[in-house]
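Remarks on the structure that follows.
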Amino acid sequence: MSIYKYAPTVHVIRKLKQSPCTSWLQYHMSSSSVPLEAMGLHSIKRVSLLLLGLSCCCHSEVPINGSTPNIIIMLMDDMGWGDLGVFGQPSKETPNLDRMAAEGMVFPNFYTANPLCSPSRASLLTGRLPVRNGFYTTNAHARNAYTPQEIVGGISDDEILLPQMLKKMGYVNKIIGKWHLGHRPNHLPLEHGFDKWFGAPNCHFGPYNNSLRPNIPVYNNSQMVGRYYEEFGINVKTGESNLTQIYLEESLQFLHTQASTQQPFFLYWAVDATHAPVYASKRFLGKSQRGRYGDAVMELDYSVGMILKELKRLGIAKETFVFFTSDNGAAVSYQLGNVMDLFTTSLALAGLPVPGDRVIDGLDLTPVLLNSSIIDRPIFYYRGNEMMAVRVGQYKAHYWTWSNSWEEFNKGINFCPGQDVPGVTTHAQKEHTMQPLIFHLGRDPGERYPINVMSREYQVVLQQILAVVDQHKRGLVPGVPQLNMCDLAVMNWAPAGCEKMGKCLKAPKSQPWKCEWPH
């Protein structure tokens, strides 16, 4: 496959982090991104892509010849599609991201692979559903799980990650920010295809007293260089932290280095300022009309602008694709997409085939981005190892419904405030496998009015959906679940490099147990 030079591909992909609100809301409200300009055969002089919530924007100009393109994936944390001005946020505090959207093509039907950080990130980097790549639990029925400090498992050595594939084409791969695919040595990014890393293995929860639970370490490549709330300060009371600026500087330095070596690169910029506890640097604190969260969004928007500006300054913008997405006036494509498509699309950009020894759920969307084609494909919605729903065309069928338990709901945890739908946003798991609830998302995007089971429309659509689900399940081989076991002894007590800093902590005795996942 020939590869051409791509101009400043600004791929803003934004995938709203799904809240665990039944298979229904939890996936309908989130979106993933799809690579924009390109994938493989042609090159576009300029491409801007924006996938926010349920949208993506893309703009292309004159094709030009070129070399293997650089790839940047910017993954935000818990950012919602309504946080940007282009999607109606009235404060208009995201000019850089809004500019991308204004120049792009809107994709209103993109989804994330899971409502939680870890499974969603695992799917992005493997191109596979969490039930295939092991980022799920079987400890209880239809429960989402992730990787807290006490998790024993992590990304399996059997999985092939995007940076491992890109190495075949000579890419230099760096991750900046949150990894969240396991914090034990064999699960860290440098063991799975990344050449460089600056960031942390877990969320920035804390502070902890380092007795019952250690603060999260920050790594520079394979060595710990400090911990959150210690060497890397986060003021929980004021929200002040320089972490986003540190991550920005790391990215700019990496771009400068790679531009001078003229090697293709993959930068995975996974910053987490919008994940609670939310933080921003002093320069941005108090600047937003939307409080501290708005401050964090403004700083991230600024950082995106600086990275794009640096690409132009270094003269590599025309050889770089930039994707922007979140783990939770243009032409329009109604192509169904999923965050897993980033894996397959990025490989196509690099001129690489997908691994042939496993099922890859992500699609190469080059025909959509370059030729405005529509690819017929279903979207499957899983919670743990249970298929909760499936989307086929404009129809979505729910095989199980459940928001959260009565116990959690009675504690004040409501995933669907003001959006309850009788029989759908239930607090007990309800099975509909014998007679799925089917919605037409064109007529009923809020999924509030199931199609009458006695209608001819229901009967015709049901047969189509049953065939799709049957084919999917016959070919489904679940991966070994990685998120079943917990143990306090495996937390970040003594990461590599702690000896040099005098920061090693004593771990408790190993007493593993089955993790409890309430949602």
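The values are calculated or read from the model by the stated rules, or taken from the named source; none is laboratory data. All figures in this text were calculated on a predicted structure; none of them were measured in a lab. Heads up, the Cβs are rebuilt from the backbone with ideal geometry, glycines too, and the neighbour counts pull from every protein chain shown. The accessibility values were calculated without ligands, DNA or RNA, using every heavy atom of the protein model including side chains. Shrake-Rupley method; radii C 1.70, N 1.55, O 1.52, S 1.80 Å.
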Would you mind putting 166-172, 415-421 in packing order, based on average other-beta-carbon counts within 10 Å, highest first? 166-172, 415-421
Name the long-range amide H neighbours of residue 200: under 5 Å, sequence gap of 5 or more, or other chain; modelled H, no Pro or chain starts. 177, 178, 179, 219
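Give the average over all directions of the projected area of the C-alpha convex hull of region 226-286, one decimal, in nm².
Orientation-averaged projected area of the Cα hull: 5.1 nm².
When a/c reaches 1.5 or more, the comparison of a/b and b/c decides; with that in mind, is region 103-207 rounded, prolate or oblate per its Cα gyration tensor?
On the way: a/c = 1.44, a/b = 1.08, b/c = 1.33.
Note, shape of region 103-207 comes out rounded.
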With a 1.4 Å probe and all protein chains kept in place, how do 457, 431 rank by accessible area, largest first? 431, 457
Could you please state how large a percent of the accessible area of region 172-226 is carbon and sulfur, counting protein chains only and using a 1.4 Å probe? 47
For a quick check: with amide H placed at 1.01 Å from N, whose amide H comes under 5 Å from residue 265's, ignoring anything fewer than 5 positions away on the same chain? 70, 71, 172
State, as an integer percentage, the relative contact order of region 440-519 based on alpha-carbon contacts under 8 Å between residues 6 or more apart. 23
Filter on 287/309; 282/506; 167/473; 92/396; 196/500; 168/318 - keep pairs with C-alpha separation over 26 Å: 282/506; 167/473; 92/396
Rg to Rh quotient for region 292-420, alpha carbon positions, Kirkwood Rh: 1.04
Dividing the surface of the Cα convex hull of region 258-354 by four yields a projected area in nm² of 9.4
Report the FRET efficiency, 1/(1 + (r/R0)^6), for residue 282 and residue 91, where r is their Cβ-Cβ distance and R0 is 22 Å, rounded to 0.05. 0.60
Is the shape of region 146-249 rounded, prolate or oblate, going by the alpha carbon gyration tensor and its root eigenvalues a ≥ b ≥ c, with a/c under 1.5 for rounded and a/b larger than b/c for prolate? oblate
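If R0 is 35 Å, what FRET efficiency do you get for residue 168 and residue 375 from their C-beta distance, rounded to 0.05?
Efficiency computed from Cβ-Cβ geometry: 0.85.
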